[in-house]
Amino acid sequence: MTRKSNAKPFLRPKTRSYMQRRVDEYPIRQSFLIVCEGGKTEPYYFEKFRVPRIVVKVEGLGMNTVRLVQEALALRDKGSYDQTWCVFDKDDFSAKNFNAAISLARKNGLKVAYSNQAFELWYVLHFHYLNNALPRADYMKMLSRELKHDYEKNSQTIYDKLIQYQTAAIRNAERLLSQYHPIRPSQNNPSTTVHELVKQLLEHSKPFGR
């Protein structure tokens, strides 16, 4: 007489869906809202990063510091973003205004990629380390010399020309910022935190060929 087995029947493992395999295979990338003071220079640069377009929004607002942060807060509240960044320069704005903008941003969970004096400092750091204060016009001259043609402020190809030096720029920016103890953004000339945003964009960028 055949005895019935009490063993449970073989259970086939559930087949993962295509979307589940994709989630397991690649890390979920974060979405960014980048709000820029400049209407063209900074947006043209950041739009070149290979972060999926559906999760990157760059707003060139052409306004100054505190007002820019207020606008960034309004834009963030209208959407859904993992990281919201404000990008602005010290330029000729007062130390009080510049510091107030940074403080307002950080108190509300925004990140800041500032430059003292100008965004072009970040470009210069692609070519060499710079730790002495210079006027914006000198940045332009240095870039023209390194690029071997006149630097165009609103260039749409500057990212492509600088990409091969990006690692050096990050290293130089980190070194520059590390020399200030404590860090006082309005007084630390030259200084920049643009590299912190660039590092985040690189981390969440789409690799070539995928």
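The values are calculated or read from the model by the stated rules, or taken from the named source; none is laboratory data. For clarity, every value in this text was computed on a predicted model and none was experimentally measured. Cβ placement follows ideal geometry from the backbone for every residue including glycine, while neighbour counts extend to all protein chains displayed.
Any chance region 122-144 includes a residue that's on the phi > 0 side of the Ramachandran plot and either at pLDDT 95 or above or outside any helix (DSSP H, G or I) (or both)? Steps first, please.
Keep residues of region 122-144 that are on the phi > 0 side of the Ramachandran plot, which gives none.
There is no residue in region 122-144 that is on the phi > 0 side of the Ramachandran plot and either at pLDDT 95 or above or outside any helix (DSSP H, G or I) (or both).
Return the pairs, sorted by first residue and then second, in which the second residue is of a type in the set (Ser, Thr, Tyr) and assigned to a loop (DSSP other than H, G, I, E, B), the first residue lies in region 188-204 and is within 11 Å of residue 177 (Cα to Cα) and in contact (Cβ under 8 Å) with a residue 40 or more places away in the chain, the beta carbons are less than 7 Å apart, and the residues are 6+ apart or on different chains.
Qualifying pairs under 7 Å: 188/180; 191/180.
Here are some residues: 133, 168, 137. Which one is of a type in the set (A, V, I, L, M), surrounded by fewer than 20 Cβ atoms within 10 Å (Cβ to Cβ) and free of Cβ contacts under 8 Å to residues at least 12 places away in the same chain? Quick ask: steps written out before the conclusion?
On the way: 133 fails: free of Cβ contacts under 8 Å to residues at least 12 places away in the same chain; 168 fails: free of Cβ contacts under 8 Å to residues at least 12 places away in the same chain.
Testing whether each residue is of a type in the set (A, V, I, L, M), surrounded by fewer than 20 Cβ atoms within 10 Å (Cβ to Cβ) and free of Cβ contacts under 8 Å to residues at least 12 places away in the same chain leaves just 137.
Pick out the one residue from 144, 191 that is crowded, with 16+ Cβ neighbours inside 10 Å, farther than 14 Å from residue 46 by Cα, over 15 Å from the mean Cα position of the chain (by Cα) and not hydrophobic (A, V, I, L, M, F, W, C).
Result of the check over 144, 191: 191.
For residue 41, state whether it is touching a Gly at 6+ places or on another chain (Cβ under 9 Å), polar (S, T, N, Q) and modelled with pLDDT of 75 or more.
The answer is yes for residue 41.
Can you pull out the residues in region 171-185 that are in contact with a Phe, Trp or Tyr (Cβ under 8 Å, 6 or more places away or on another chain) and surrounded by fewer than 19 Cβ atoms within 10 Å (Cβ to Cβ)?
175
Listed residues 111, 90; which is in contact with a strand residue (DSSP E or B) (Cβ under 8 Å, 6 or more places away or on another chain), touching a residue at least 24 places away in the same chain (Cβ under 8 Å), crowded, with 16+ Cβ neighbours inside 10 Å and over 20 Å from residue 199 (Cβ atoms)? Show your work before the answer.
Values: 111 fails: over 20 Å from residue 199 (Cβ atoms).
None of the others qualify; the one that does is 90.
Given the conditions (1) in contact with a helix residue (DSSP H, G or I) (Cβ under 6 Å, 6 or more places away or on another chain); (2) assigned to a loop (DSSP other than H, G, I, E, B); (3) farther than 17 Å from residue 67 by Cβ, which single one is not true for residue 93?
(3)
Quick test of your reading of the structure: residue 100 fulfils all but one of (1) surrounded by fewer than 17 Cβ atoms within 10 Å (Cβ to Cβ); (2) in a loop (DSSP other than H, G, I, E, B); (3) on the phi < 0 side of the Ramachandran plot. Name the failing condition by number.
(2)
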